[in-house]
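One structure is given below, encoded as structure tokens.
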Amino acid sequence: MKRYLLFISGLLLAAQLHGQDNKWLLEKPGAWRFENHLTDKSYKLQNATLSAADNAAFRNNMATLAEWFRQNHPMLKNPTGFDLRAIANRMWGDYTTRAEAEYGIPATLDFLFEIFDNQGGKWTIEPPQYGIIVNNIIGGHQGLYFNPESLVDDGSRYDLSRSEDVRKARERLWQYFPVSWFRESPCPGVDIYEANTGSPAQIVVYNHERPPYWLPVTLQELADASLAYYSLFQKIEIDRMVLDQLKTEIAELSPEELAAPAYYGHNSHFVLQANGSGQGMQIMRFNPEYWDRSLPQSAIQFMSFYDPGLSSEEMAEYLQRQRHPNYPQLFADRLKWEEIAKLINK
């Protein structure tokens with residue numbers, strides 16, 4: 001609230017300073033509209049089926065979620081200075097394979113602040129926006145530990161009779177991701193992870209009565225998964241060199257370090273890019289036991305938010321420079337976590 005009051009003071013001061021030079025109509029009433037880009041069709045996955053009924057139910061659930069925010073967030077209930085465009089969409093990716101740890105349908109819900117200008121138009125191309133991620137197992141953290149290169153299945157790098165082994169080994173490595181440092185849990189069912197200075201904090205909303213949603217990974221587990229993958233590529237010299245380097249890196253690690261939790265990054269290793277000495281962000285994987293599989297796949301069981309982390313001074317500077325407030329930060333400041341935690345389906 002203090003941050004918001006400081007913002008209002010800054011807004012009034014900016015209006016006095018800039019007068020007619022301000023191109024944005026910050027007091028003009030706006031309207032809400034919702035676009036549901038989710039489809040009702042069924043999806044054939046490599047190891048599962050996502051039915052049309054599941055998709056239709058999820059489409060409705062996302063519409064209900066968007067409407068809840070419209071009714072309960074003051075910036076959406078009474079848009080002022082912008083039209084609010086809310087968009088529900090599938091996560092990027094073809095979603096042809098569902099990993100063991102995946103169950104709920106993943107999607108995004110974005111709120112776009114289409115600011116009015118004094119020329120009778122508004123900002124519609126990539127305007128300021130705030131996004132919520134639903135049922136995505138890595139939460140708001142960007143990036144995986146392992147990003148496999150695109151492979152051409154021409155038999156030049158591995159025996160094609162082992163294509164299924166390559167797929168499984170790749171997916172095994174693909175389940176790991178580094179997470180930011182835990183900061184606090186402001187209420188049951190909400191955890192806040194602090195990123196590096198200047199990076200957004202990530203907020204996870206979950207069912208606190210379920211098993212932990214993320215599990216630590218030992219360096220040994222990561223090393224074994226890496227060996228299983230790179231050992232399949234032995235037809236060309238560069239692949240053989242990578243495997244030899246990996247084996248050398250593992251041999252340099254003590255039994256104590258291999259048994260310790262894995263953290264992202266290493267001073268000298270570039271294949272097994274992890275350490276067991278607690279340096280950097282911890283590497284985790286999603287716990288398949290977290291999901292309540294008695295609920296349909298369309299249920300919302302896991303959500304991720306973020307906080308840009310701008311200080312009052314940074315907000316005032318932004319307002320003076322851009323002539324409009326930082327709407328994503330204002331949106332994050334007015335989220336009521338006790339109420340949002342109740343949105344998780346149980």
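What follows draws every value from the coordinates through simple rules; no lab data is involved. What you see is a predicted model; the values in this text were computed from it and never measured. Cβ sites come from the backbone with ideal geometry, for glycine too, and all protein chains shown count toward neighbours.
Here are the numbers for the structure shown:
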{"quantity": "Spin-label pair ALA251/SER311, simplified geometry with 7 Å Cα→Cβ offset, distance in nm", "calculated": "5.1 nm"}
{"quantity": "Virtual paramagnetic centre 7 Å along Cα→Cβ of VAL152, amide N under 16 Å, in the range 160-204", "calculated": "160"}
{"quantity": "Radius of gyration and Dmax over the Cα atoms of the range 234-273, both given in Å", "calculated": "11.6, 34"}
{"quantity": "Mean Kyte hydropathy of 0.0 or more with a Cα span along the axis of at least 18 Å, helices from DSSP in the chain", "calculated": "2-18"}
{"quantity": "Cα coordinate range in the range 50-203, projected on the principal axes (Å, largest first)", "calculated": "63, 37, 35"}
{"quantity": "Residue (of ASN61, PHE270, ALA341) at the positive-pole extreme of the chain, dipole from beta-carbon charges", "calculated": "ASN61"}
{"quantity": "The chain - charge dipole about Cα centre, Lys and Arg +1 at Cβ, Asp and Glu -1, debye rounded to 20", "calculated": "1080 debye"}
{"quantity": "Dipole of the chain, positive end: most advanced residue of PRO29, ILE192, TYR229 [Cβ charges, Cα centre]", "calculated": "PRO29"}
{"quantity": "C-alpha center-to-center spacing [the range 313-329, the range 100-146] in angstrom", "calculated": "20 Å"}
{"quantity": "Coarse-grained scattering of the range 209-328 at q = 0.14, 0.16, 0.17, 0.21 Å⁻¹, given as base-10 log I(q)/I(0) from a Debye sum over alpha-carbon atoms", "calculated": "-0.81, -0.86, -0.89, -1.08"}
{"quantity": "Length added when fully stretched, ASN118-ARG321, from 0.36 nm per residue minus Cα-Cα", "calculated": "71.4 nm"}
{"quantity": "Charge dipole (debye, nearest 20) of the range 162-273; +1 at Cβ of Lys and Arg, -1 at Cβ of Asp and Glu", "calculated": "400 debye"}
{"quantity": "Estimated FRET transfer efficiency when R0 is 22 angstrom, pair ASP244-ALA99 (beta carbons, to 0.05)", "calculated": "0.15"}
{"quantity": "Bins of 10 Å from zero: percent of alpha-carbon pairs in the chain", "calculated": "5, 21, 26, 23, 16, 7, 2, 0"}
{"quantity": "Highest to lowest packing among 238-244, 274-280, scored as the average C-beta count within 10 Å", "calculated": "274-280, 238-244"}
{"quantity": "Where labels lie 7 Å past Cα in the beta-carbon direction, separation of LYS342 and ASN287 in nm", "calculated": "2.6 nm"}
{"quantity": "Distance in nm between pseudo-label sites at GLN279 and ALA63 (7 Å out along the Cβ direction from Cα)", "calculated": "5.4 nm"}
